[in-house]
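Here's the structure we're looking at; comments come further down.
The values are calculated or read from the model by the stated rules, or taken from the named source; none is laboratory data. These figures come from a predicted structure and were not determined experimentally. Every residue, glycine as well, gets a Cβ built from its backbone with ideal geometry; the counts of neighbours run over all protein chains shown.
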Amino acid sequence: MSDNTEDSKEQLKKFKPKKKTLAVPQEFLDNAKSYDDKLLVVRSITEREMQRVVLIMKKMLAEGVKNKNKVK
């Protein structure tokens, strides 16, 4: 039984998760020059990657609060 456990642990160590690619094509980000184009890209990212956007916003807000408290 311990051999199976050791094999499983070794397999988990070797396992590399696939790199998650952005749901929005790179061309959209590169070609967004006007405000409206940039807004469409942000909306698209938000719709497709809502959880990631929420985490980013939480981190930004936490850093903002931390920096505000340092100033006082």
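Out of V24, V53, V42, I need the residue that is part of a loop (DSSP other than H, G, I, E, B), surrounded by 11 or more Cβ atoms within 10 Å (Cβ to Cβ) and at pLDDT 65 or above. Which one?
It is V24.
Sort through D3, D36 and tell me the only one that's at pLDDT below 65 and of a type in the set (D, E).
Working: D36 fails: at pLDDT below 65.
Sole residue among the options that is at pLDDT below 65 and of a type in the set (D, E): D3.
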